[in-house]
Amino acid sequence: MTYIGPWHAESALRLVNSNVNAWDYDSRFVPVETSTIHPVVELASRLVPDSGIEDHPFFRVAAGSRKALEFWVTQELFVTGVFAQLLNLTASAVVNVHQRARLNLVIQGEHGGVRKGAARASHPWLLHKLRESMGIPQEAVTVAAPTHTFLRALAGFMDTPVNALGSLGVGNEQMLVPEYGAVKQAFESAAPDADYAEFLHANIDEDTAHSAIMAHIASELIMRDPSLADGYLAAARGSVIARKEYYDELYEILA
Ligand SMILES: [Fe+2]
């Protein structure tokens with residue numbers, strides 16, 4: 001058992017050097033919160049309803065198959081856990097302390113509070129509880145090729161911090177609202193006894209607010225540097241497409 005993931009020793013040194021060398025007082029300390037959403041961020045946010053993810057045939061299969069839902073849980077354990085870590089990585093690149101504090105609200109939402117050493121409201125833990133409630137053995141939690149492909153795609157779109165906000169904010173946080181709505185209906189019909197409600201509601205209820213925080217931060221960054229707009233939109237679009245392809249491939253595995 002290991003509690004520490006692979007670590008890139010040069011990352012901390014690179015963070016120190018790049019921040020010291022590019023030190024700009026105002027960008028670090030002047031509050032930048034704005035209520036305006038940049039038109040490109042607005043455009044990106046429409047990719048999710050346009051994707052129609054909730055009508056994907058995977059959810060139709062899942063609504064009639066407990067096995068399909070068990071498989072979904074084993075794969076979502078990878079996605080939810082690694083996603084939370086990718087959010088932390090993104091926060092490390094946000095220089096402005098006020099923006100970083102707002103992004104930390106999203107990270108805090110994913111992890112919740114800690115009582116007696118356990119983060120009982122954290123999304124990965126709630127998913128772990130869901131796995132237990134379905135009697136899925138830990139040994140069944142092995143990554144399927146489409147899941148690894150999807151996570152690699154998300155990481156690939158995180159080539160700049162603002163692109164990371166597009167990839168994680170639109171392709172994950174915002175996407176999960178309609179997607180998990182469809183998953184919830186599938187659980188109601190195929191595995192009503194499972195402890196799915198807490199995990200799915202935690203995401204459905206919080207992710208609209210989480211994606212809005214990320215959209216505002218992205219808007220502020222793009223307003224300051226409009227050259228970031230195209231990359232953000234491409235990252236959002238790419239990650240929405242990657243998520244749909246992920247379900248295409250899960251569907252094929254089950255068919
Ligand atoms: Fe979230």
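The values are calculated or read from the model by the stated rules, or taken from the named source; none is laboratory data. Remember, predicted model here, so these are calculated numbers, not experimental data. FYI the Cβ positions are ideal-geometry reconstructions off the backbone, even for glycines, and counts take in every protein chain you see.
Data overview
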read-out: Failed item in (1) part of a helix (DSSP H, G or I); (2) in contact (Cβ under 8 Å) with a residue 12 or more places away in the chain; (3) of a type in the set (Gly, Ala, Ser), with ALA12 passing the rest; value: (2)
read-out: Residue among VAL143, VAL162 that alone is within 19 Å of the chain's Cα centre (by Cα), in a helix (DSSP H, G or I), away from the ligand (no atom under 16 Å from the Cβ) and not basic (Lys, Arg); value: VAL162
read-out: Any chance LEU228 is in contact (Cβ under 8 Å) with a residue 60 or more places away in the chain, in a helix (DSSP H, G or I) and hydrophobic (A, V, I, L, M, F, W, C); value: yes
read-out: Leading residue by the ranking (nearest to PRO146 (Cα to Cα)) among those in the stretch 94-110 that are surrounded by fewer than 18 Cβ atoms within 10 Å (Cβ to Cβ) and within 14 Å of the ligand (Cβ to nearest atom); value: ILE107
read-out: Qualifying position, being in contact with a Phe, Trp or Tyr (Cβ under 9 Å, 6 or more places away or on another chain) and either buried (at least 18 other Cβ atoms within 10 Å of the Cβ) or of a type in the set (A, V, I, L, M, F, W, C) (or both), among LEU200, LEU176; value: LEU200
read-out: Count of residues meeting criterion [modelled with pLDDT of 80 or more and either of a type in the set (Ser, Thr, Tyr) or within 24 Å of the chain's Cα centre (by Cα) (or both)] in the stretch 5-31; value: 6
read-out: Residue check, GLN85 under 16 Å from the mean Cα position of the chain (by Cα) and surrounded by fewer than 16 Cβ atoms within 10 Å (Cβ to Cβ); value: yes
read-out: Unique residue being surrounded by 14 or more Cβ atoms within 10 Å (Cβ to Cβ) and free of Cβ contacts under 8 Å to residues at least 40 places away in the same chain when the list is ALA91, ALA62, ALA44; value: ALA91
read-out: Members of the stretch 201-219 found to be within 15 Å of the ligand (Cβ to nearest atom) and hydrophobic (A, V, I, L, M, F, W, C), listed by number; value: ALA202, ILE204, ALA209, ALA212, ILE213, MET214, ALA215, ILE217
read-out: Those residues of the stretch 126-152 which are over 22 Å from TYR246 (Cα atoms) and of a type in the set (Lys, Arg), in sequence order; value: LYS129
read-out: Filter result for the condition that a residue is over 26 Å from ALA121 (Cβ atoms), of a type in the set (A, V, I, L, M, F, W, C) and buried (at least 18 other Cβ atoms within 10 Å of the Cβ), over ALA182, ALA255, ALA218, ALA191; value: ALA218
read-out: Qualifying residue in the stretch 190-200 (condition: in contact (Cβ under 8 Å) with a residue 24 or more places away in the chain, away from the ligand (no atom under 12 Å from the Cβ) and in a helix (DSSP H, G or I)); value: yes
read-out: Residue within the stretch 236-248 that is over 13 Å from PHE150 (Cα atoms), modelled with pLDDT of 95 or more and crowded, with 22+ Cβ neighbours inside 10 Å present; value: yes
read-out: Residue in the stretch 120-132 that is more than 16 Å from the ligand (Cβ to nearest atom), at pLDDT 95 or above and small (Gly, Ala, Ser) present; value: no
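Residues are listed down the side, and each one gets a yes or a no for (1) hydrophobic (A, V, I, L, M, F, W, C); (2) under 18 Å from GLU33 (Cα atoms); (3) at pLDDT 95 or above:
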| site | (1), (2), (3) |
| --- | --- |
| GLU188 | no, no, yes |
| ALA194 | yes, no, yes |
| ASP205 | no, no, no |
| TYR232 | no, no, yes |
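Residues checked against (1) under 18 Å from VAL41 (Cβ atoms); (2) small (Gly, Ala, Ser):
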residue: ALA153; (1), (2): no, yes
residue: GLU179; (1), (2): no, no
residue: ALA190; (1), (2): no, yes
residue: GLU198; (1), (2): no, no
residue: LEU228; (1), (2): yes, no
residue: TYR232; (1), (2): yes, no
residue: LYS244; (1), (2): no, no
residue: ASP248; (1), (2): no, no
